[in-house]
C-alpha cells in the first residue's frame, strides 16, 4: 500500500500531509485529537538530509504543539550507503533523530510507529523502534538484511538460513517475527483508524519490549538477563 | 605507555579503572550464552562478548561495560544487548554517579539479526533513560574493530565520546558501502581514506567526538574523567534547547561540507593550512592544531 492509501484508511476524519523528496510531514485528525505525522516513503534510503528533516519536524512539534501525539510512518530501505554520508557523520544524524523522539516522549507526546511498507536496520532503529510502541501492517517487510547477504557475512549457507528462518523468528523477515520478539506491539488488521486511536490510548511510557518478547516466546533470555542484573543474581532457569 | 587498541575488553576494564575495582555482573562463571548461535554451529562465549558491572574511576564509583572485539567483532546479540540494558537500568536504579561504555562493535550480530536489532534499540533507550535520570554516560572508542552500525548511534546518544586517532566511529562499514554502491563510491582497501573518513581525527574536527586521546590506556582514563566532568557542566539530560542547537549544527555541517568529496577538503574548509599533514600528526600536536579549527561538538 502506498502512503496515500494508508493515510485514507488511518485518517477517515481527514489529514493534511505533504510528500517532498520521500519525506512525509503534516497532521491528521484522529478522534478528538490532532496528530502530528512524520515519516518516509518510496523505501527511502535514510541519508543525513532526511534524518535531519524528520528531527526538525519533531522538534517543531515539541515547541509549537506541546503534547500533540506523533505518528511515525516507516518505509525505508535502511541507512543510505554512501561515502558522503559517512564523511558527514551519518551516525550522529541518526542519533540526533532518536534523541529528538526521546525528548518528545519525555515532554509528554505519545509516539506511535507504523511500518506500513518496509523497515530495514539503520532506518528503523532511530524511527519506529524509538516510538512508545511500534506497529506494522500485515504485508510489511521488516529485517536487518536479506538472507543472501546474511549468508555471505555469517558464512552460514543460505539454504540453512532459509530452513532456520521457517521456524525461528530471529532470522526471518516479517512483522510476525518482530511481534514475537516484542519489537512490534501488534499487527493491525481491519479498521486502521480505530487501531491508531487505541494505540495512542495504550502507549506505554517505559520500554517493555524485552518482557513482551519473553511472554511471546520470541526472545527467551533478554528479560531474564536484565532481571538477573537488576537483582544482582544469576539468570534463573526458565 | 600501554596501547588501548591492543588490549582485550577485560584488560581495558582492569587497567582503565582503579586497580582491582571492577566487579562484574553475570560474569563468565554464570555461563549465560547466546541461545541462537549453536544452531548455526557458531562458537559461543561465556560472556557473549561483553563484560558489564561497576568499578571505581579516580575514586568515584561508576557503572561500566566493555565490548570484546575478539568475539564476533563485538557484535550485539540478544544476551549481549540485554547485559548492556540491564547494567544501564541498574545504574539508574542505584543512582550511579556515571556510566562509562568501552565500545567496540560492528553493530547488530547478523547471526541473531532480528533479536540484535531490537536489542540495540533497547540499549539506545536505556542510555537515554540513564541521561534522563541525571547520570552522565560517556563512550570510549579506541578498539581495532571500531564502533559501527547501531553502536555508532548508541555512542552518539551518550553525553560525550572519547576517541583515539586509531578508533573508528561510523554507521556503515566501508566494505558494506563498497559492496552496495561500488568501489568507486568507497574503496574499502584504501586504508588511508577509511581512516580519514571514520577515524578519531576527522570525528574530532567535525565535533562528533569531544575528546581525542593518544592510543594509551592512561589517556583514555583521563579522557573518561574529563568527559564526565564536561557532561555535568553542559547538562546531562536532553533538552529542547540543546537539541535545537544540535539541529542547527548538523544542518550547517551539510551546508558547509556537503559538496566535499574527501575529508581532506573539509579540513581545508575548516581553515587548516596543511590538511595533508593531519594524518601524520601525533595526538598532542593534532590536538593543538584542532583546538582553533574544530567545530563545536553537539552534545
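The values are calculated or read from the model by the stated rules, or taken from the named source; none is laboratory data. Keep in mind the model is a prediction, meaning the values are calculated, not measured. With ideal geometry, Cβ positions are generated from the backbone for all residues, glycine too; neighbour counts draw on all protein chains shown.
Residue check: residue A:140 meets all listed conditions (1) surrounded by fewer than 21 Cβ atoms within 10 Å (Cβ to Cβ); (2) more than 9 Å from chain B (Cβ to nearest Cβ) but one, namely (1). Of the residues B:283, B:273, the single one that is in contact with a helix residue (DSSP H, G or I) (Cβ under 8 Å, 6 or more places away or on another chain) and modelled with pLDDT under 95 is B:283. For the stretch B:240-281, a residue qualifies if it is within 11 Å of another protein chain (Cβ to nearest Cβ), surrounded by fewer than 14 Cβ atoms within 10 Å (Cβ to Cβ) and not in a helix (DSSP H, G or I), and the qualifying residues are B:258, B:259, B:261.
Is it true that residue A:124 is touching a residue at least 12 places away in the same chain (Cβ under 8 Å) and part of a helix (DSSP H, G or I)? Working first, answer last.
On the way: touching a residue at least 12 places away in the same chain (Cβ under 8 Å): yes; part of a helix (DSSP H, G or I): yes.
Taking the combined requirement at face value, the residue satisfies it.
Regarding residue B:264, is this residue within 30 Å of residue A:104 (Cβ to Cβ) and touching a helix residue (DSSP H, G or I) at 6+ places or on another chain (Cβ under 8 Å)? Don't jump to the end; show me each part of the working.
Details: within 30 Å of residue A:104 (Cβ to Cβ): no; touching a helix residue (DSSP H, G or I) at 6+ places or on another chain (Cβ under 8 Å): yes.
It is false that residue B:264 is within 30 Å of residue A:104 (Cβ to Cβ) and touching a helix residue (DSSP H, G or I) at 6+ places or on another chain (Cβ under 8 Å).
Return the total of residues in the stretch A:31-47 being out of contact with any strand residue (DSSP E or B) (no Cβ under 7 Å at 6 or more places or on another chain) and either within 21 Å of residue B:241 (Cα to Cα) or without any contact (Cβ under 8 Å) to a residue 40 or more places away in the chain (or both).
Step one: list which residues in the stretch A:31-47 are out of contact with any strand residue (DSSP E or B) (no Cβ under 7 Å at 6 or more places or on another chain), which gives A:31-33, A:42, A:47.
Pick out the ones that are also either within 21 Å of residue B:241 (Cα to Cα) or without any contact (Cβ under 8 Å) to a residue 40 or more places away in the chain (or both) and you get A:32, A:42.
Within the stretch A:31-47, residues that are out of contact with any strand residue (DSSP E or B) (no Cβ under 7 Å at 6 or more places or on another chain) and either within 21 Å of residue B:241 (Cα to Cα) or without any contact (Cβ under 8 Å) to a residue 40 or more places away in the chain (or both) number 2.
Restricting attention to the stretch B:80-92, the residues being surrounded by fewer than 24 Cβ atoms within 10 Å (Cβ to Cβ) and at the interface with chain A (Cβ under 7 Å from one of its Cβ atoms) number 2. If we scan the stretch B:35-57, do we find a residue that is within 14 Å of chain A (Cβ to nearest Cβ), surrounded by 24 or more Cβ atoms within 10 Å (Cβ to Cβ), within 17 Å of residue B:222 (Cα to Cα) and at pLDDT 95 or above? For the stretch B:35-57, residues within 14 Å of chain A (Cβ to nearest Cβ), surrounded by 24 or more Cβ atoms within 10 Å (Cβ to Cβ), within 17 Å of residue B:222 (Cα to Cα) and at pLDDT 95 or above: absent. Tell me whether the stretch B:24-34 contains one or more residues that are under 23 Å from residue B:172 (Cα atoms) and facing chain A (nearest Cβ under 10 Å). No.
Among the residues making up the stretch A:143-176, those that are at the interface with another protein chain (Cβ under 8 Å from one of its Cβ atoms) and touching a helix residue (DSSP H, G or I) at 6+ places or on another chain (Cβ under 6 Å) are A:144, A:150, A:153, A:154, A:156, A:169, A:170, A:171, A:172.
Taking residue B:184 as the residue in question, decide whether it is on the phi < 0 side of the Ramachandran plot and out of contact with any strand residue (DSSP E or B) (no Cβ under 9 Å at 6 or more places or on another chain).
Values: on the phi < 0 side of the Ramachandran plot: yes; out of contact with any strand residue (DSSP E or B) (no Cβ under 9 Å at 6 or more places or on another chain): yes.
Against the criterion (on the phi < 0 side of the Ramachandran plot and out of contact with any strand residue (DSSP E or B) (no Cβ under 9 Å at 6 or more places or on another chain)), residue B:184 qualifies.
Determine which member of the set A:147, A:192 is in contact (Cβ under 8 Å) with a residue 40 or more places away in the chain, out of contact with any strand residue (DSSP E or B) (no Cβ under 8 Å at 6 or more places or on another chain), surrounded by 15 or more Cβ atoms within 10 Å (Cβ to Cβ) and more than 24 Å from residue A:224 (Cβ to Cβ). Steps first, please.
On the way: A:147 fails: in contact (Cβ under 8 Å) with a residue 40 or more places away in the chain.
Among A:147, A:192, only A:192 is in contact (Cβ under 8 Å) with a residue 40 or more places away in the chain, out of contact with any strand residue (DSSP E or B) (no Cβ under 8 Å at 6 or more places or on another chain), surrounded by 15 or more Cβ atoms within 10 Å (Cβ to Cβ) and more than 24 Å from residue A:224 (Cβ to Cβ).
Looking only at residues of the stretch B:196-239 that are in a helix (DSSP H, G or I) and within 12 Å of chain A (Cβ to nearest Cβ), we find that the one that is surrounded by the fewest Cβ atoms within 10 Å (Cβ to Cβ) is B:196.
Checking B:106, B:150 one by one, the residue that is crowded, with 24+ Cβ neighbours inside 10 Å and in contact with a strand residue (DSSP E or B) (Cβ under 8 Å, 6 or more places away or on another chain) is B:150 and no other.
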